[in-house]
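Structure first, then comments.
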Amino acid sequence: MKSNLHMYVMAAPLLTAFLVNIFGRTRRKVIAPMVLGALGLSSLLAIVVLKRTLVSGDLSYTAGAWTPPWGIELLVDPLSALMLLLIAAVSFIATFAALPCVERDLQDRQHIFFTLYLILIAGLMGLVLTADAFNLYVMLEITSITTYGLIALGRGRAPLSSFNYIIMGSVAASFYLLGVGYLYLLTGTLNMADIARYLPALQGSAALSTALAFILIGLWIKMAFFPLHGWLPRAYTDAPDGAGVLIAPLMTKVTIYLMVRLMLTFQSPEFPLISMDVRTLVIWAASIGIVCASSLALAQRNLKQMLTYIIIAEVGYMVGGAWLANDQGMTGTLLHIVNDALMTLCLFLAAVAIAYRTGSLHFDNLKGLYRRMPWTMAFFTIGAFAMIGVPPTCGFYSKWYLLLGGIEAGQWEFVVALIFSSLVNAVLFFRIIELAYFGSLQDSEHHAHASAERHEAPWWILSPLALTAVLLIVVGLSTGPLVHNIIRLMIPVGF
Amino acid sequence: MTPIVSIWPLAAILVSLLGALPIILAHRQPNLRESWTILIALVKLMIVASLLPGVLQGSSYVFTIAQVIPGVPIELRVDALGMIFALVASSLWLFTSIYSIGYMRALDEHAQTRYYASFAVAISATLGVAFAGNLLTMYLFYEMLSLSTYPLVTHEQNAEARSSGRKYLTYILGTSIGLALPAMMITYSVAGTLDFTSGGILAGKASPELLALLLVLFLFGFAKAGLMPFHGWLPAAMVAPTPVSSFLHGVAVVKAGVFSIFRIIFDILGPETLQSADLGSLITYIASVTLLIASMVALTQDSLKRRLAYSTIGQLAYMVLGAGMLSATGMLGGVMHLAMHAFGKITLFFCAGAIYVASKKKNISQMDGLGRRMPITYLAFFLGSLSIIGMPPLGGFISKWNLLIGAVEGDQLVLVVVLLISSLLNAAYFFPIVYRGFFVPAADGEGDGIKEAPLFCLIPLSVTALVSLALFFYPDTLLKLARMALGI
């Protein structure tokens with residue numbers, strides 16, 4: 001069906017970005033209502049789009065009325081509508097916490113920050129919407145460049161981390177672009193659905209394999225798939241708090257979604273694009289990645305840095321699940337994209353809340369936090385349980401599907417890696433819970449900690465944190481409808 | 001009979017989960033806070049009791065909370081086996097709440113609000129385990145129980161509590177994630193369902209090798225049952241305040257483990273399926289080893305609570321042993337022992353706490369002559385230990401008698417010998433305590449001024465001791481429930 005509704009979801013933050021830059025320059029007070037208004041509108045529209053796709057099928061919009069395959073098409077089906085809603089909702093929630101952090105960290109550069117911030121969100125939405133392989137590259141670059149800028153706004157080593165990311169990100173973009181170039185030479189088109197129609201005729205060609213390999217490597221670097229993850233920990237740790245809460249939950253997840261989307265578009269049961277050997281190889285890589293990243297997380301002494309390694313391990317979950325190439329694994333991956341975005345958001349919000357009050361996230365600084373910030377820690381605990389995979393939080397159910405997929409595919413190394421990582425997560429988070437619960441043992445001879453007074457995070461950070469923690473449980477309990485009504489629809493029969 | 005859709009099972013779980021809120025809100029008014037606790041405990045017991053007549057007539061109550069995975073909703077179902085556990089847990093929680101008031105106030109413990117709130121969450125999780133309608137739901141509440149009891153185990157917040165807390169989580173979470181979860185996933189992918197069905201869901205679907213693997217994973221995966229070598233958390237957890245040890249480590253937590261194993265043997269793997277794969281002996285051997293070693297270790301413990309902890313490990317193995325016999329009488333004995341041991345062991349723990357409150361003594365070697373100063377406590381202790389040993393006229397006799405008959409009927413001479421030796425060992429580690437209390441005079445000047453613990457402590461422990469006695473004369477309801485649960 002023709003519609004331009006989903007275009008507005010993306011247009012709202014994009015246009016507001018420029019308005020924020022113009023008006024926010026002189027009057028800082030207008031920034032918060034403008035940003036929140038735009039993202040709130042986006043979220044509402046995204047809900048409408050999701051409902052509409054569920055009722056009347058895919059919605060399509062062609063830019064400049066050029067018909068595909070020549071024109072650029074913005075296409076939304078139930079799955080991308082779900083992703084759109086996820087991006088809109090996560091960024092809306094994250095913005096509440098970003099506002100006070102930015103106000104404190106970047107007083108006279110707030111308008112710059114939020115310009116980049118909104119363009120990044122629009123770029124992420126564009127990635128999900130576009131049906132054109134080259135347009136995808138453009139969106140990928142928009143998100144990357146804005147992210148470089150946001151990270152470089154941080155303190156200390158941030159510019160260096162950002163530079164590191166620029167190099168890796170540019171390498172990735174080149175790989176992706178080369179791959180798309182090959183595909184264009186082979187098929188003469190850039191529209192993804194159109195490309196997919198030509199592919200069966202090209203099966204077995206070395207050029208096609210090269211093209212796909214380049215595209216995949218490009219995406220793998222962008223999503224920080226082990227061992228191509230080197231840029232991520234420092235970049236996410238050094239980013240300003242306001243940017244971290246947005247980038248960490250969304251960037252890697254959206255890139256994984258792109259990989260899944262390409263796999264679903266290009267592959268069909270009659271036409272297995274990728275041989276069994278390659279599949280097994282990738283699953284092994286994912287399993288090793290999960291184990292290594294989890295082990296590296298154990299070595300960290302800083303909460304945020306630990307979380308970044310967990311993100312890398314989770315990327316392994318999702319890549320592995322998608323490459324299992326069965327129903328359960330693919331369901332697990334798609335479900336985990338949603339769940340992991342929310343879990344990461346919850347934990348990063350908690351980290352931001354703690355950093356806002358205590359100034360540092362080093363483990364030594366977390367002692368006695370249950371007494372000082374009881375609500376923040378309560379929500380952090382829920383996020384931690386979700387990450388470990390304790391039911392009824394959502395983290396359990398996606399892990400369930402991933403494990404089931406691994407068992408059905410007979411890929412036991414993946415099953416073992418997942419369970420290992422769950423156990424490591426339990427250790428990681430209980431180490432923090434223990435620190436925060438026991439405080440320093442020297443002065444606990446008398447049970448009262450008179451020195452540690454209660455100093456809860458500000459409402460602007462605490463309320464989105466509370467909302468996310470509740471969402472973790474609500475989404476977990478509505479796993480059945482979510483999988484049944486949206487995710488399963490999008491996985492071709494016999495995949 | 002067809003299941004009846006009813007909200008009451010959910011209400012029974014929620015009443016204490018939501019009840020944690022008023023408990024927290026009343027943190028400045030201890031009297032109000034404890035009134036809430038008692039009120040919630042009473043309401044909970046009433047709800048559970050109101051479901052009893054229906055269950056006795058053979059109906060079951062179901063309630064679906066959420067659809068999560070195809071064929072496996074989060075679902076509650078009240079049947080006879082769940083009813084036994086729920087009745088025991090919710091009635092003993094009431095006594096524990098009363099006892100807690102006496103114990104915590106007498107010792108002027110810190111963070112009492114956290115204590116009562118965590119307790120309320122823990123009992124919700126316990127009832128959830130009892131009322132779970134399928135394995136996934138049971139796993140969910142099992143994990144909730146593990147996590148909600150962590151603040152209780154580490155209540156003291158000192159170095160010892162911290163290391164015990166670590167041990168507790170490592171054993172309990174490590175096994176449930178590392179062993180029980182994969183076993184559950186494999187079961188689901190083989191059977192396509194996780195519903196508790198009497199006779200099991202794997203009949204004809206799994207090879208004997210797979211069955212053996214699943215059995216071992218489940219037996220050790222539910223480490224709350226304390227089967228060796230995954231028993232180490234229980235003695236360590238004794239660092240908790242005594243009401244926690246008595247209720248959680250005498251009743252709720254450990255029985256949740258045994259109850260889970262019952263569900264696995266009766267309703268997931270299925271006794272007949274296990275019988276035909278000849279796996280009963282595997283269970284009984286694992287249980288026998290645990291039983292004998294734990295009883296012998298109990299002999300060597302001087303700390304009263306640690307001795308009770310090892311005794312618990314041994315008694316839990318009795319229950320698993322009974323289930324592993326896979327014969328009607330044996331299984332009946334196992335199920336009955338779950339209830340009988342609960343009343344006996346909680347009495348013993350209550351007494352240990354009362355002794356500590358009254359005299360600050362933890363070690364058996366210091367307890368000479370105490371029985372003359374605390375006659376009621378010691379009498380209750382004597383009754384409780386008789387029940388655990390399995391002597392008439394106490395409830396424990398009924399379950400142990402059934403276990404013995406089951407072993408004889410099954411021609412399993414080894415088990416008969418194990419049971420007899422173990423009963424002797426039980427007597428050997430309990431009687432000296434009572435003997436010292438009454439007949440060994442205290443050293444000069446020792447024990448002056450020691451008198452019975454506060455009434456809040458004394459009344460619950462007397463009542464539970466008397467219930468142990470009463471269960472010998474009136475075991476009919478429990479027996480009927482147990483027979484219904486086993487379909488005999």
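Per-residue answers, yes or no, for (1) closer than 20 Å to B:LEU486 by Cβ; (2) crowded, with 21+ Cβ neighbours inside 10 Å:
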{"site": "B:ILE4", "(1), (2)": "no, no"}
{"site": "B:PRO9", "(1), (2)": "no, yes"}
{"site": "B:LEU14", "(1), (2)": "no, no"}
{"site": "B:GLY19", "(1), (2)": "no, yes"}
{"site": "B:TYR61", "(1), (2)": "yes, yes"}
{"site": "B:ALA66", "(1), (2)": "no, no"}
{"site": "B:GLY82", "(1), (2)": "yes, yes"}
> Out of all the residues in the range A:154-176, is one or more more than 19 Å from A:ILE142 (Cβ to Cβ), in contact with an Asp or Glu (Cβ under 7 Å, 6 or more places away or on another chain) and part of a helix (DSSP H, G or I)?
Replying inline: yes
>> Of everything in the range B:256-282, what is under 18 Å from the mean Cα position of the chain (by Cα) and either more than 20 Å from B:LEU316 (Cβ to Cβ) or among the hydroxyl-bearing types (Ser, Thr, Tyr) (or both)? Give them in sequence order.
In response: B:SER260
>> I'd like to check something: does the range B:208-219 contain any residue that is within 8 Å of chain A (Cβ to nearest Cβ), touching a residue at least 12 places away in the same chain (Cβ under 8 Å), part of a helix (DSSP H, G or I) and under 22 Å from B:ILE74 (Cα atoms)?
In response: no
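Out of the residues in the range B:84-109 meeting the condition of being among the β-branched types (Val, Ile, Thr) and touching a Pro at 6+ places or on another chain (Cβ under 8 Å), tell me which one is surrounded by the most Cβ atoms within 10 Å (Cβ to Cβ).
Only one residue fits best here, namely B:THR96.
Can we say B:LYS205 is touching a residue at least 60 places away in the same chain (Cβ under 8 Å), among the charged types (D, E, K, R) and either more than 10 Å from chain A (Cβ to nearest Cβ) or at positive phi (or both)? Lay out the reasoning, then the answer.
Working: touching a residue at least 60 places away in the same chain (Cβ under 8 Å): no; among the charged types (D, E, K, R): yes; either more than 10 Å from chain A (Cβ to nearest Cβ) or at positive phi (or both): yes.
Spelling it out, it is not the case that B:LYS205 is touching a residue at least 60 places away in the same chain (Cβ under 8 Å), among the charged types (D, E, K, R) and either more than 10 Å from chain A (Cβ to nearest Cβ) or at positive phi (or both).
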>> Looking at the range A:65-84, can you tell me whether even one residue there is out of contact with any Leu (no Cβ under 8 Å at 6 or more places or on another chain), modelled with pLDDT of 85 or more and crowded, with 24+ Cβ neighbours inside 10 Å?
In response: yes
> Which residues, taken from the range B:179-193, are buried (at least 19 other Cβ atoms within 10 Å of the Cβ) and within 10 Å of chain A (Cβ to nearest Cβ)?
Replying inline: B:LEU179, B:LEU181, B:PRO182, B:MET184, B:MET185, B:ILE186, B:TYR188
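State all residues of the range B:387-402 that are touching a residue at least 60 places away in the same chain (Cβ under 8 Å) and part of a helix (DSSP H, G or I); if no residue qualifies, say none. Please lay out each step first, then the result.
As a first pass, look at the range B:387-402 and keep what is touching a residue at least 60 places away in the same chain (Cβ under 8 Å): B:387-388, B:392-402.
Within the range B:387-402, B:SER387, B:ILE388, B:GLY395, B:GLY396, B:PHE397, B:ILE398, B:SER399, B:LYS400, B:TRP401, B:ASN402 meet the criteria.
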> What number of residues within the range A:277-306 are free of Cβ contacts under 8 Å to residues at least 60 places away in the same chain and of a type in the set (A, V, I, L, M, F, W, C)?
Replying inline: 5
>> When the residues of the range B:21-59 are narrowed to those that are within 14 Å of another protein chain (Cβ to nearest Cβ) and out of contact with any helix residue (DSSP H, G or I) (no Cβ under 8 Å at 6 or more places or on another chain), which ends up surrounded by the fewest Cβ atoms within 10 Å (Cβ to Cβ)?
In response: B:LEU21
>> Which of the numbered conditions does A:ARG357 fail, given that it passes all the others? Conditions: (1) surrounded by 24 or more Cβ atoms within 10 Å (Cβ to Cβ); (2) of a type outside the set (A, V, I, L, M, F, W, C); (3) more than 12 Å from every other protein chain (Cβ to nearest Cβ).
In response: (1)
> Say we look at the range A:397-411 and pick out the residues that are more than 10 Å from every other protein chain (Cβ to nearest Cβ) and modelled with pLDDT under 90; which of these is farthest from A:ASP340 (Cα to Cα)?
Replying inline: A:GLY410
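Being surrounded by fewer than 23 Cβ atoms within 10 Å (Cβ to Cβ), on the phi < 0 side of the Ramachandran plot and more than 9 Å from every other protein chain (Cβ to nearest Cβ) is the requirement here; does B:ALA236 meet it?
Working: surrounded by fewer than 23 Cβ atoms within 10 Å (Cβ to Cβ): yes; on the phi < 0 side of the Ramachandran plot: yes; more than 9 Å from every other protein chain (Cβ to nearest Cβ): yes.
Answer is yes for this residue.
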> Any idea which residue in the range A:263-285 is surrounded by the most Cβ atoms within 10 Å (Cβ to Cβ), counting only those that are modelled with pLDDT of 75 or more and not in a helix (DSSP H, G or I)?
Replying inline: A:GLN267
>> Quick check on the range B:8-24. Is at least one of its residues at pLDDT below 90 and assigned to a loop (DSSP other than H, G, I, E, B)?
In response: no
> If you check A:LEU246, A:LEU232, A:LEU228, A:LEU183, which single one turns out to be more than 19 Å from A:THR147 (Cβ to Cβ) and not small (Gly, Ala, Ser)?
Replying inline: A:LEU183
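The values are calculated or read from the model by the stated rules, or taken from the named source; none is laboratory data. Here the structure is a predicted model, which is why all the values come from computation and not from measurement. Cβ coordinates were reconstructed from backbone atoms using ideal geometry, including for glycine residues, and neighbour counts include every protein chain displayed.
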